[in-house]
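Q: Starting off with a structure, shown below.
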Amino acid sequence: MSLAIFDLDNTLLNGDSDHAWGEFLCAQGIVDASEYKQANDRFYQQYKTGTMDIFEFLEFALRPLAQHSTQQLQQWHDRFMQQCIEPMMLPKALKLLADHRARGDFLLIITATNHFVTAPIARKLGVDALLATDPQMEDGRYTGKVAGTPCFREGKVKRLHHWLQHNKHTLEGSYFYSDSQNDLPLLELVENPVAVDADEILIRTATERGWPVISLRD
């Protein structure tokens, strides 16, 4: 059994669930659309160029979670899944997951997007485990703060090492599929890094290092 690790946004999904959640909040009138959309788009551009401050972003992105009950948030998320996430599902991504599953590999998603947004998506994709940025909770409500290490850039490596210490898996024969230059620290760690519908910097790096470059969209 090998560990097959997958980034989520713009890798297994044809889109970014974090950015889409912000757009959903705007469309539903849950946040001030004009102000929130501008910030949401700005952070997304920073992410794509590799310049995003993860803590500044999380202060923005987790704030709406703290303003509503978990029951209300879940109702909205159910609608979000149907309206926004299911159209992002990629047949080739589902086949890739199925192929690794058929080999007996352990399927793990590692994503910077927070656990509230991504846990239902991971369940829908049928993976074995999820590592995501964890929103802090107190007394059954989100606080708007992050708990522990954000699952971003080098944080993904730290979170994975911590997970490996408490599970029976190793990185022998491991795979990691990602679209983003932000995931270079983890791509460099696994035995089989794969660039998927990648950004320009990752494509260039993958080509220089002889990593496979694939598309799950064409």
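The values are calculated or read from the model by the stated rules, or taken from the named source; none is laboratory data. The structure displayed is predicted, hence computed values, not measured ones. No Cβ is skipped: glycine too gets one built from the backbone with ideal geometry, and neighbour counts run over all protein chains shown. Note: accessible area is taken over every heavy atom of the protein model, side chains too, but ligands, DNA and RNA are not part of it. Shrake-Rupley method; radii C 1.70, N 1.55, O 1.52, S 1.80 Å.
Q: Strands (runs of 3 or more DSSP E) wholly in segment 110-218 with at least 2 residues that are acidic (Asp, Glu) - which ones?
A: 129-138
Q: Report yes if Lys158 is open to solvent by 70 Å² or more (accessible area, probe 1.4 Å) and more than 16 Å from Leu107 (Cα to Cα), otherwise no.
A: yes
Q: Could you go through segment 41-56 and let me know if any residue there is in contact with a Lys or Arg (Cβ under 8 Å, 6 or more places away or on another chain), among the β-branched types (Val, Ile, Thr) and within 20 Å of Pro120 (Cα to Cα).
A: Pass one, segment 41-56, residues in contact with a Lys or Arg (Cβ under 8 Å, 6 or more places away or on another chain): 54.
With the extra rule that they be among the β-branched types (Val, Ile, Thr), the set shrinks to 54.
If we keep only those that are within 20 Å of Pro120 (Cα to Cα) too, we end up with none.
Looking through segment 41-56, none of the residues is in contact with a Lys or Arg (Cβ under 8 Å, 6 or more places away or on another chain), among the β-branched types (Val, Ile, Thr) and within 20 Å of Pro120 (Cα to Cα).
Q: Select from segment 115-141 the residues that are on the phi > 0 side of the Ramachandran plot and in contact with a strand residue (DSSP E or B) (Cβ under 8 Å, 6 or more places away or on another chain) and list them in ascending order.
A: Passing the criteria: only Gly126.
Q: From Phe60, Phe43, Phe55, Phe24, grab the single residue that is among the aromatic types (Phe, Trp, Tyr), at pLDDT 95 or above, under 19 Å from Asp183 (Cα atoms) and out of contact with any Pro (no Cβ under 8 Å at 6 or more places or on another chain).
A: Phe43
Q: Among the residues of segment 95-121, write down those that are open to solvent by 10 Å² or more (accessible area, probe 1.4 Å) and under 24 Å from Asn40 (Cα atoms).
A: Initial filter on segment 95-121 (open to solvent by 10 Å² or more (accessible area, probe 1.4 Å)): 95-96, 98-99, 101-106, 112, 115-116, 119-120.
Answer for segment 95-121, where residues must be open to solvent by 10 Å² or more (accessible area, probe 1.4 Å) and under 24 Å from Asn40 (Cα atoms): Ala112, His115, Phe116, Ala119, Pro120.
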